[in-house]
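Novice: Sharing a structure below in structure tokens format, with a few things to ask.
The values are calculated or read from the model by the stated rules, or taken from the named source; none is laboratory data. Keep in mind that this is a model prediction, so the values were computed, not measured. So basically every Cβ, Gly included, is an ideal-geometry build from the backbone, and we count neighbours across all protein chains shown. Accessible surface is based on the protein model in full, side chains and every heavy atom, while ligands, DNA and RNA are left aside. Shrake-Rupley method; radii C 1.70, N 1.55, O 1.52, S 1.80 Å.
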Amino acid sequence: MSENNNNDPIIVCQDVHKWYGQFHALRGIDMEVRKGEVIVIFGPSGSGKSTFIRTINRLEEHQSGQIVVDSIELTHDVRNIEAIRKETGMVFQQFNLFPHLTVLQNITLAPLQVHKWKKEKAEEIAMQLLERVGIPEQAEKFPGQLSGGQQQRVAIARALAMQLKIMLFDEPTSALDPEMIKEVLDVMTELAESGMTMLVVTHEMGFARSVADRMFFFDEGQIVESGSPEDIYNNPQEDRTKLFLSQILQH
Amino acid sequence: MEKTHTTQQATIPFWRDERVLRVLGQIIFLIAVIVFGYYIYNNMITALAKQGMTPSFAFLNQTAGFDIGERLIEYERADFNKRAVLVAVLNTVQVSIVGIILSTILGVFLGIARLSTNFLVAKLSSIYLEILRNIPLLVLLIFWYTGIFITLPRVKEAISLGTSIFISNRGMVIPWGIPTETWRAYLIVLGVGIVLSAIVNWQLNLVGKRTGRPPLVTLWTIITFLAVAIIGWIALPQSPLTLDLPTLQGLNFKGGYTFSPEYLALLSGLVIYTAAFVGEIVRAGILSVSKGQIEASRALGLNAFQTLRLIVFPQAMRVIVPPLTSQYLNLTKNSSLAVAIGYPDLFAIAGTMHNQTGRSVEVIALMMGIYLSTSLITSVFMNFYNKKIKLVER
């Protein structure tokens with residue numbers, strides 16, 4: 001539609017807090033994500049970055065603050081939660097494919113069950129997605145028969161099959177062998193170029209630099225610094241950001 | 001000059017060749033087993049011969065000469081021993097099947113309850129499991145029998161549930177159906193019901209394959225059968241069964257069907273004991289499905305019920321089935337403890353038959369053969385099911 005529409009934020013988070021018992025995991029996160037933006041979130045482990053993107057589709061409950069996804073507010077209302085889950089897809093570090101279903105069944109399960117599509121339509125779209133992630137020949141295999149990189153690409157296709165607006169990636173390449181990381185990042189890059197709104201928790205700095213619109217540095221449950229990849233790499237303002245970058249970039 | 005590799009290979013003496021040794025080892029073991037088995041058998045035959053006996057199953061065609069208190073088929077003391085064996089087998093099989101069904105239902109309930117987020121439900125369930133798992137079954141059976149069922153009020157003061165179920169120290173009497181003239185016709189109706197529900201089952205499975213959305217096949221199959229059964233009952237000119245209500249006459253109840261205190265104690269003991277183990281197996285099975293699976297399913301937009309039915313249960317079943325099979329076999333074998341409270345199961349009747357005929361070897365061999373074949377049949381069936389739900393991996 002109009003240019004204006006594209007600049008409207010699709011995710012709005014205001015002062016989001018989360019506690020695990022006494023532990024204050026998220027300490028007031030504010031973030032606005034516009035449609036089609038690619039956001040990279042990075043930071044030391046335990047900094048709350050995974051927790052944060054898991055609050056966006058309610059895999060974790062936030063205890064205070066506001067999260068609005070595609071103008072639906074995330075509350076205790078089950079209907080809102082399910083509506084938001086229909087708009088967002090998630091890719092996990094451990095793939096989490098369903099081992100008792102074939103690749104094709106993994107991808108068509110949610111469209112059949114949630115969108116109530118016809119099987120022909122669901123399978124046709126599933127095959128198109130498998131083409132897109134480059135492994136159509138694996139359709140009839142079970143996840144246990146695929147390599148890690150192939151499994152993660154199936155997981156991406158499975159999420160895309162729901163025809164959603166937002167993709168959440170929770171360290172999608174951390175469990176992969178080095179030679180498989182590229183094949184997954186290639187798929188993600190292509191997805192970013194197609195205009196998908198993406199929130200990616202990752203330490204793949206090459207990917208971040210070439211694909212991200214904005215980057216957020218998390219530490220101790222807070223956003224320490226944010227900005228364009230150029231700003232973050234070439235001109236970090238905070239000492240913690242500088243220290244962290246120097247540690248991960250020296251290799 | 002050095003010897004070549006191949007000539008060395010060719011000159012290995014056979015007693016150092018691992019391929020020969022492997023086969024030889026098996027042959028020697030087999031011979032040892034046969035020799036030992038023959039020695040034992042010969043020993044037994046000689047011992048029997050000294051007492052002037054040769055092993056024979058001819059006693060099966062002799063009059064039994066003892067009564068059996070509970071039976072599913074007609075039997076009198078004048079019947080042959082083989083009839084008595086059949087009565088015994090049916091008693092054991094009946095209590096095992098009913099026990100397996102009830103302990104599965106109770107066990108699944110307990111297993112799910114223990115995982116409940118409701119504190120009270122979860123705690124009560126774990127207390128039940130911890131106590132019942134840790135009491136020997138024999139103690140439990142004696143407790144149910146001497147502590148509960150035979151200390152119930154006498155017949156005259158029987159506890160009544162509703163108007164026609166009575167519980168006393170002689171067991172539980174419930175109303176029972178007596179076949180009328182239309183019973184045979186109704187059996188045909190039930191047969192039609194089975195056929196129809198099988199067709200519905202088959203068709204729904206096809207629908208599931210075609211649409212990729214498996215309907216609730218089992219539920220609809222059962223509904224079809226019940227619908228036919230109910231329509232048939234109403235449509236027949238006379239209802240196929242008339243209710244036989246138990247009434248107190250003199251010192252006992254007349255009419256209805258009586259479950260003896262022995263049967264009730266055995267069934268309760270077996271069910272309550274086995275259910276504790278089934279509960280733990282179900283809990284372990286559900287917990288074996290990783291949290292990531294549930295998260296992935298919820299993130300895709302499947303609701304809690306769809307997640308449980310399509311993601312958790314299919315994966316939990318492959319963990320549940322093998323140990324569940326063991327529990328079913330245990331329950332069947334444990335039913336032989338019935339002898340302690342006087343329920344005429346296979347073991348109890350075999351004991352009586354041994355006393356009557358003096359044929360210890362044959363009676364025990366027969367009994368072991370029957371227990372073994374029941375267990376093997378259960379095993380084969382469960383293994384078949386297990387294979388069907390197994391995961392494909394590299």
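Yes/no per residue for (1) within 26 Å of B:K390 (Cβ to Cβ); (2) within 12 Å of chain B (Cβ to nearest Cβ):
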| position | (1), (2) |
| --- | --- |
| A:V91 | no, yes |
| A:F95 | yes, yes |
| A:L104 | yes, yes |
| A:Q138 | yes, no |
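Novice: Within the stretch A:39-63, take every residue that is touching an Asp or Glu at 6+ places or on another chain (Cβ under 7 Å) and small (G, A, S) and give me the one that is nearest to the other protein chains (Cβ to nearest Cβ).
Specialist: Applying the filter and picking the extreme gives A:S50.
Novice: Does the stretch B:79-99 contain at least one residue that is modelled with pLDDT under 95 and in a loop (DSSP other than H, G, I, E, B)?
Specialist: Checking the stretch B:79-99: at least one residue is modelled with pLDDT under 95 and in a loop (DSSP other than H, G, I, E, B).
Novice: Determine, yes or no, whether A:A83 is within 7 Å of chain B (Cβ to nearest Cβ) and either touching a residue at least 60 places away in the same chain (Cβ under 8 Å) or among the small types (G, A, S) (or both).
Specialist: On the way: within 7 Å of chain B (Cβ to nearest Cβ): no; either touching a residue at least 60 places away in the same chain (Cβ under 8 Å) or among the small types (G, A, S) (or both): yes.
So A:A83 fails the test.
Novice: Next question, about the same structure. Please work out if B:A296 is open to solvent by less than 60 Å² (accessible area, probe 1.4 Å), away from chain A (no Cβ under 14 Å) and free of Cβ contacts under 8 Å to residues at least 40 places away in the same chain.
Specialist: Criteria not met by B:A296.
Novice: Do the conditions hold for A:N57, that is, is it modelled with pLDDT under 95 and either touching a Cys at 6+ places or on another chain (Cβ under 9 Å) or open to solvent by 10 Å² or more (accessible area, probe 1.4 Å) (or both)? Spell out the reasoning first.
Specialist: Values: modelled with pLDDT under 95: yes; either touching a Cys at 6+ places or on another chain (Cβ under 9 Å) or open to solvent by 10 Å² or more (accessible area, probe 1.4 Å) (or both): no.
So A:N57 does not fit the description; no.
Novice: Here's something else I'd like to know. Residue check, A:R158 against (1) open to solvent by 20 Å² or more (accessible area, probe 1.4 Å); (2) part of a helix (DSSP H, G or I), all met but one. Which one?
Specialist: Of everything listed in (1) open to solvent by 20 Å² or more (accessible area, probe 1.4 Å); (2) part of a helix (DSSP H, G or I), A:R158 misses just condition (1).
Novice: Cβ-Cβ under 8 Å, sequence separation 6+ or interchain: first residue in the stretch A:1-19 and at pLDDT below 80, partner of a type in the set (G, A, S). Which pairs?
Specialist: Listed by first residue and then by second, the contacts come to A:N6/A:G36.
Novice: Of the residues A:L164, A:L146, A:L160, A:L168, which is within 14 Å of chain B (Cβ to nearest Cβ) and touching an Asp or Glu at 6+ places or on another chain (Cβ under 9 Å)?
Specialist: The unique qualifying residue is A:L164.
Novice: So which of B:L337, B:L346 is touching a helix residue (DSSP H, G or I) at 6+ places or on another chain (Cβ under 9 Å), open to solvent by 40 Å² or more (accessible area, probe 1.4 Å) and over 30 Å from A:Q145 (Cα atoms)?
Specialist: From the options B:L337, B:L346, the qualifying one is B:L337.
Novice: Would you tally the residues in the stretch B:246-262 being more than 22 Å from B:P179 (Cβ to Cβ) and in contact with an Asp or Glu (Cβ under 8 Å, 6 or more places away or on another chain)?
Specialist: Of the residues in the stretch B:246-262, 2 are more than 22 Å from B:P179 (Cβ to Cβ) and in contact with an Asp or Glu (Cβ under 8 Å, 6 or more places away or on another chain).
Novice: Inside the stretch A:175-189, can you point out the residues that are in contact with a helix residue (DSSP H, G or I) (Cβ under 6 Å, 6 or more places away or on another chain) and of a type in the set (A, V, I, L, M)?
Specialist: Result: A:L176, A:M180, A:V184, A:L185, A:V187.
Novice: Scanning the stretch A:106-128 for residues that are more than 8 Å from chain B (Cβ to nearest Cβ) and surrounded by fewer than 20 Cβ atoms within 10 Å (Cβ to Cβ), which turns out nearest to B:A299 (Cα to Cα)?
Specialist: Ranking the candidates gives A:H115 first.
Novice: For residues that are assigned to a strand (DSSP E or B) and over 22 Å from B:R298 (Cβ atoms), tally how many sit in the stretch A:30-72.
Specialist: Selection size over the stretch A:30-72: 9.
Every residue, every condition in (1) open to solvent by less than 50 Å² (accessible area, probe 1.4 Å); (2) modelled with pLDDT under 90, yes or no:
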site	(1), (2)
B:V139	no, no
B:F143	no, no
B:G147	yes, no
B:A158	yes, yes
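Novice: Of the residues B:G208, B:G256, which single one is open to solvent by less than 50 Å² (accessible area, probe 1.4 Å) and modelled with pLDDT of 85 or more? Even if it seems obvious, please write down each step before you answer.
Specialist: Values: B:G256 fails: modelled with pLDDT of 85 or more.
So the residue among B:G208, B:G256 that is open to solvent by less than 50 Å² (accessible area, probe 1.4 Å) and modelled with pLDDT of 85 or more is B:G208.
Novice: Still on this structure: May I ask you to say which residue of B:L324, B:L267, B:L331, B:L243 is away from chain A (no Cβ under 14 Å), in a strand (DSSP E or B), of a type in the set (A, V, I, L, M) and in contact (Cβ under 8 Å) with a residue 12 or more places away in the chain?
Specialist: After applying the criteria, what remains is B:L243.
Novice: Looking at the stretch B:299-313, which of its residues are part of a helix (DSSP H, G or I), crowded, with 17+ Cβ neighbours inside 10 Å and either touching a residue at least 24 places away in the same chain (Cβ under 8 Å) or out of contact with any Lys or Arg (no Cβ under 8 Å at 6 or more places or on another chain) (or both)? Give the steps one after another, and end with the answer.
Specialist: First, pick out the residues of the stretch B:299-313 that are part of a helix (DSSP H, G or I): B:299, B:304-313.
Narrowing further to those that are crowded, with 17+ Cβ neighbours inside 10 Å: B:299, B:306-308, B:310-312.
Result: B:Q306, B:L308, B:L310, B:I311, B:V312.
Novice: Restricting to the stretch B:211-230, and then to whatever is of a type in the set (V, I, T), open to solvent by 30 Å² or more (accessible area, probe 1.4 Å) and within 30 Å of A:A122 (Cα to Cα), can you tell me which residue is nearest to the other protein chains (Cβ to nearest Cβ)?
Specialist: My answer is B:T211.
Novice: Among (1) buried (at least 22 other Cβ atoms within 10 Å of the Cβ); (2) free of Cβ contacts under 8 Å to residues at least 40 places away in the same chain, there is one condition B:R283 misses while meeting the rest; what is its number?
Specialist: (2)
Novice: Which of the residues that make up the stretch A:133-161 are touching a helix residue (DSSP H, G or I) at 6+ places or on another chain (Cβ under 7 Å), closer than 17 Å to A:M198 by Cα and not basic (K, R)?
Specialist: If the condition is that a residue be touching a helix residue (DSSP H, G or I) at 6+ places or on another chain (Cβ under 7 Å), closer than 17 Å to A:M198 by Cα and not basic (K, R), then A:V133, A:Q152, A:I156, A:A157, A:L160, A:A161 are the ones that fit.
Novice: Which one is farthest from the other protein chains (Cβ to nearest Cβ) among residues in the stretch B:353-388 that are surrounded by fewer than 16 Cβ atoms within 10 Å (Cβ to Cβ) and aliphatic (A, V, I, L, M)?
Specialist: Selected residue: B:V361.
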